[in-house]
Amino acid sequence: MTEGSDGPPVPSEVELRWVRMPLRAPMRSGHGAESTREVVLVRVQLDDGGNGWGECSALSRPTYTGEYTAGAWAVLRDELVPDLLARRRSSVVGHPMAAAGLATAQADADLRRIDRSLTEQLGRAQRVVPASHVPTCAVIGRLDRIDDLLDEVAAAIQQGAAAVKLKITPSRRDLDHLRAVRATWPTLALAADLNGTAGVAHIEVLTALDSLGLLYLEQPVTPEDLVTSALVASRLGTPVALDESVTSLAMAEAALRLAAGSVLNVKPARLGGPLAAARLAGLAADSGVAAFCGGMLETGVGRAAALAVAALPACTLPTDLGPSSRYFASDVTAPIEAGADGTIPVPTGPGIGVVPDPDRLDECTVDRLILHR
Ligand code: MG
């Protein structure tokens, strides 16, 4: 990855850590609820003793995409890590979240060798100057009571969020919730994420959503149904953002050609890591469409790596990545926090700019495995 090399050096060992951390509050969306975060942290060690960390941010159940923690653990243990240690080109199909954990750890280790941050590396690759701080979009899960929702939105605004996004389904109740937020804050940069739960049968709800002046409406229809997404996008004035539909550069190109959306959610966890996500952000910029860096309720490891993507000028909209304290009482790294103005500083240290705290890591670890070359 660094200049003059064929790619990151092959590690001498790879450690997998299955960590379990309670979320401060459950995150409910159209595809389910997550109350405890279980991720696989990956550490690679090079021959010179240098280390690098990455995170596979798959959810505990296969409800967002087909990947989930136990499956990612197995594919890393049985396929991806043995292939890497044996210098074999992996024949694994899919599993970008598992691959992201390994790719991030390799990039982290490689960049630490040359004392360069991932942020700087991504900026160099696109010949752009990354931002030093990024504004954020506070993502709020589905809540039962409107009053609780209004309290959450008020808190997010008070903490300096540049935008607020509500997780919704195409239900009357969620529409009423969104309307209440809009009525309370008429000029708020407000977005909504349907997580693929709507379709042409919900055109009435979609039309109602269209009247709320949303920044964008995310993933209205089933991820693979780009034709229906294009139909919906053509009927709405609100920009349609694509998240689950964007599984690769090729899929993003197809989606844009079909006009299935006009905003791309470039989510490092889902796309195979920060380098792949940065390439997709570059496609958005080249295509003249807006983009933002999505989050997956990452721990500090994944959050730091994703912030390097969020800092790219191609990410024109506020990132979904929030401060650690929004999600965890205690993160696995030093907490990543927003400043008084609500923006989050982009890591500038070598590699991804953070490392797990050893004691905290041990506290959270529920399984551990080391594979050697
Ligand atoms: Mg989404």
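When restricted to residues that are open to solvent by 10 Å² or more (accessible area, probe 1.4 Å), out of contact with any Ser or Thr (no Cβ under 7 Å at 6 or more places or on another chain) and outside any loop (DSSP other than H, G, I, E, B), region 234-257 contains 7. Restricting attention to region 279-314 and to residues that are part of a loop (DSSP other than H, G, I, E, B) and more than 15 Å from the ligand (Cβ to nearest atom), the residue that is nearest to the chain's Cα centre (by Cα) turns out to be Thr299.
Which of the residues spanning region 148-198 are within 16 Å of the ligand (Cβ to nearest atom) and in a loop (DSSP other than H, G, I, E, B)? Break it down stepwise before answering.
Keep residues of region 148-198 that are within 16 Å of the ligand (Cβ to nearest atom), which gives 163-170, 174, 178, 190-198.
Within region 148-198, Ile168, Thr169, Pro170, Leu194, Asn195, Gly196, Thr197 meet the criteria.
Name the one entry in Gln126, Gln106 that is of a type outside the set (A, V, I, L, M) and buried (at least 22 other Cβ atoms within 10 Å of the Cβ). Working first, answer last.
Details: Gln126 fails: buried (at least 22 other Cβ atoms within 10 Å of the Cβ).
Only one candidate passes the filter, namely Gln106.
Of the numbered criteria (1) of a type outside the set (Val, Ile, Thr); (2) surrounded by 16 or more Cβ atoms within 10 Å (Cβ to Cβ); (3) in contact (Cβ under 8 Å) with a residue 40 or more places away in the chain; (4) out of contact with any Gly (no Cβ under 6 Å at 6 or more places or on another chain), the one Arg87 fails is (2).
Take Ser5 and decide whether it is open to solvent by less than 30 Å² (accessible area, probe 1.4 Å) and at pLDDT below 95. Here the answer is no, as Ser5 does not meet what is asked.
For region 60-84, which positions are in contact with an Asp or Glu (Cβ under 6 Å, 6 or more places away or on another chain) and either hydrophobic (A, V, I, L, M, F, W, C) or open to solvent by 40 Å² or more (accessible area, probe 1.4 Å) (or both)?
Within region 60-84, Ser60 is the sole residue that qualifies.
Would you be able to say whether some residue in region 34-51 is closer than 26 Å to Asp174 by Cα, open to solvent by 20 Å² or more (accessible area, probe 1.4 Å) and in a loop (DSSP other than H, G, I, E, B)? No, there is no match, as no residue in region 34-51 is closer than 26 Å to Asp174 by Cα, open to solvent by 20 Å² or more (accessible area, probe 1.4 Å) and in a loop (DSSP other than H, G, I, E, B).
Of the conditions (1) aliphatic (A, V, I, L, M); (2) assigned to a helix (DSSP H, G or I); (3) in contact with a helix residue (DSSP H, G or I) (Cβ under 8 Å, 6 or more places away or on another chain); (4) over 23 Å from Val354 (Cα atoms), Val92 satisfies every one except a single condition; which number is it? Among (1) aliphatic (A, V, I, L, M); (2) assigned to a helix (DSSP H, G or I); (3) in contact with a helix residue (DSSP H, G or I) (Cβ under 8 Å, 6 or more places away or on another chain); (4) over 23 Å from Val354 (Cα atoms), Val92 violates only (2).
Let me confirm something: among Asp320, Asp286, which residue is touching a residue at least 60 places away in the same chain (Cβ under 8 Å), open to solvent by 10 Å² or more (accessible area, probe 1.4 Å) and of a type in the set (D, E, K, R)?
Working: Asp286 fails: touching a residue at least 60 places away in the same chain (Cβ under 8 Å).
From the options Asp320, Asp286, the qualifying one is Asp320.
From the list Ala183, Ala201, exactly one residue is of a type in the set (Gly, Ala, Ser), modelled with pLDDT under 95 and open to solvent by 10 Å² or more (accessible area, probe 1.4 Å). Which is it?
Working: Ala183 fails: modelled with pLDDT under 95.
After ruling out the rest, the residue left standing is Ala201.
Scanning region 220-233 for residues that are within 14 Å of the ligand (Cβ to nearest atom) and either crowded, with 17+ Cβ neighbours inside 10 Å or closer than 26 Å to Trp185 by Cα (or both) returns Pro220, Val221, Pro223, Ser229.
For region 319-363, a residue qualifies if it is at pLDDT below 95 and either in contact with a Phe, Trp or Tyr (Cβ under 7 Å, 6 or more places away or on another chain) or among the basic types (Lys, Arg) (or both), and exactly one does: Arg326.
Quick one: which of Ala269, Ala260, Ala208 is in contact (Cβ under 8 Å) with a residue 40 or more places away in the chain and either assigned to a helix (DSSP H, G or I) or within 16 Å of the ligand (Cβ to nearest atom) (or both)? Steps first, answer last, please.
Details: Ala260 fails: in contact (Cβ under 8 Å) with a residue 40 or more places away in the chain; Ala208 fails: in contact (Cβ under 8 Å) with a residue 40 or more places away in the chain.
Within the list Ala269, Ala260, Ala208, the selection yields Ala269.
Against the numbered list (1) touching a residue at least 60 places away in the same chain (Cβ under 8 Å); (2) under 30 Å from Arg279 (Cβ atoms); (3) out of contact with any Pro (no Cβ under 6 Å at 6 or more places or on another chain); (4) open to solvent by 10 Å² or more (accessible area, probe 1.4 Å), Arg142 comes up short only at (2). Only a single item in (1) open to solvent by 60 Å² or more (accessible area, probe 1.4 Å); (2) touching a strand residue (DSSP E or B) at 6+ places or on another chain (Cβ under 6 Å); (3) under 26 Å from Glu218 (Cβ atoms) is not met by Ala310, and it is number (1). Only a single criterion out of (1) over 15 Å from Ile168 (Cα atoms); (2) surrounded by 18 or more Cβ atoms within 10 Å (Cβ to Cβ); (3) within 19 Å of the chain's Cα centre (by Cα) is not satisfied by Leu217, namely (1). Scanning region 354-370 for residues that are buried (at least 23 other Cβ atoms within 10 Å of the Cβ) and either over 20 Å from Pro274 (Cβ atoms) or among the small types (Gly, Ala, Ser) (or both) turns up just one, Cys364.
For Pro274, the criteria (1) crowded, with 23+ Cβ neighbours inside 10 Å; (2) modelled with pLDDT under 95 hold in every case but one, which is (2).
The values are calculated or read from the model by the stated rules, or taken from the named source; none is laboratory data. All values reported here derive from a predicted model rather than from experimental measurement. When we count neighbours, we look across all protein chains shown, and the Cβ atoms used for this are built from the backbone with ideal geometry, even at glycine. Surface accessibility is based on the protein's heavy atoms, side chains included, excluding ligands, DNA and RNA. Shrake-Rupley method; radii C 1.70, N 1.55, O 1.52, S 1.80 Å.
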